[in-house]
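Any read-out appearing in this document is the output of simple, stated calculations on the displayed coordinates, not a laboratory observation. From a predicted model like this one, the values you see are computed outputs, not experimental measurements. Glycine also receives a Cβ, built like all others from the backbone with ideal geometry; neighbour counts cover every protein chain displayed.
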Amino acid sequence: MYRIGVDVGGTNIAIGVVDDSYSIIGKRSIKTSQVPEIGQMIEAIASGVKELISETGISESDVACVGVGVPGTAELDTGKVMYANNLGFEDEPFLPRLKEALGEPLCEKTYFDNDANAAAIGEYVTGGYTEKNFMMVTLGTGIGGGIIIDGKLIRGVNYAAAEFGHMSINIDDKGCNCGRRGCFETYASAAALVEQAVDSMEKDVDKKSLLWKNCGKVSDLDGEKFFEAVKEKDELALKVLSQYEIYLAEGLTNLINILQPEVLVLSGGITRAAEYYLDDVRSMVLEKVYSRSSKKNTRIEVAHGIKDAGDVGIIGAALLGE
Ligand SMILES: [Zn+2]
C-alpha cells in the first residue's frame, strides 16, 4: 500500500507518494502564492493528489490514506483550520471541502493535523522509537513541536498544544509576534541565532570576524555561513553560539521539567550542525533540570528517522492515518 502526504507550507504545498519503507516515490509542488483562496488551494491539492497517483502508476485503491499537515490549528472534530497566520485562514472547513474535492474512495481515508504534530508522528514512527514518552522540538524560523505521551499525541482541548516557541523565558524582554514578551523562539529558533550573529557583526566595527569574510554584508548571513565560521573557531561566532546554547538549554529545561519525557528530539536544519552545540546544551540542561539527581533523565537527541529534512513534512503527513 501507499500513503499520500501533503505538506501545506507558507511558500510551497508539497505532495508526495510514500511507500511502505517510508520512501517518497513521487513528488510534486504547488506555489502557495498561486492559490491564495482556500477554494483554489483545495482544488489544487485534490487535483495534485489525483495526478500524482496516476503519474506514479498506482491506483486510488492502492492508497491507504491521504494525510495533510497544515501550518495552523487543525480542529480534528470539525475538520476546520481555526487559525493559520501564514495562510491567512481562519475558521475554514478545510477537511470537509478537501474530502468533497477528492471524492470516493479517497475521501474516506483523508486526515489532517497541524504540521508540527505530523512531523512529530513522522519522526516517532520512522525513527523506530520504543519510548512511550517523546517530545520533538523543531528549531526553524520559529520553534514548534509535538508531544507524545503514553504513545499518544497530545493536542490539547482546542488542538493548539505544543506551541513551545511561545513559552516565555524573559517577560522583560523583546516582543514576539504572538503579543507576549521574551518567547523561547525569539531567542532559540534558527532565525534568532542568525539575528544574534548579525547583532554581533554590527558591533564588530573592525570587521575582523570570519562572519564578515564569509558574508560581506549582514543580510547574506545564514545558518550555514554562521556554522562555517564556528567550524573555523572564529571568536565572535563561538561567543554568539555560547550565548545561544544558554537560551536553548533554558527552554529545553522548562519543557523537561514539565513533562519529563524519556526522549526529547531536536529537529530542523540547524541540527545538521549539532556537533558544535549539542553536548554543551545536554550538560547545561542536566545542571539546570529539577530532576538532576535522578538516575533517569531525558535523553536529548537529534531527529534521525527521516534522512532528508525536506521530506519530514510529507512523510509526517502521510502517517496521519496511522
Ligand atoms: Zn510568542
Whichever aspartates and glutamates have a C-alpha closer than 19 Å to that of Lys80, once near sequence neighbours (fewer than 8 apart) are set aside: Asp7, Glu37, Glu43, Glu90, Asp91, Glu92, Glu100, Glu108, Asp113, Asp115, Glu163
Relative packing of peptides 276-282, 174-180 - highest average C-beta neighbours within 10 Å first: 276-282, 174-180
The range 131-304: relative contact order in percent, alpha carbon pairs under 8 Å with at least 6 residues between: 23
Positive minus negative residues near Glu100 (Lys, Arg vs Asp, Glu; Cβ under 15 Å): +1
Per-peptide average of other Cβ atoms within 10 Å, ordering 211-217, 315-321 highest first: 315-321, 211-217
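Which net charge results for the neighbourhood of Asp62, defined as the other residues with beta-carbon distances under 14 angstrom from its beta-carbon, given Lys and Arg at +1 and Asp and Glu at -1?
Summing Lys/Arg as +1 and Asp/Glu as -1 gives -1.
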Geometric extent, Cα atoms of the range 131-304 - Rg, Dmax (angstrom): 16.7, 54
Given Lys27/Lys307; Lys27/Lys99; Lys174/Lys203; Lys31/Lys217; Lys99/Lys132, the pairs whose alpha carbons are separated by over 24 Å: Lys31/Lys217; Lys99/Lys132
For the range 196-234 versus the range 56-134, the gap between their alpha-carbon centres in whole angstrom: 40
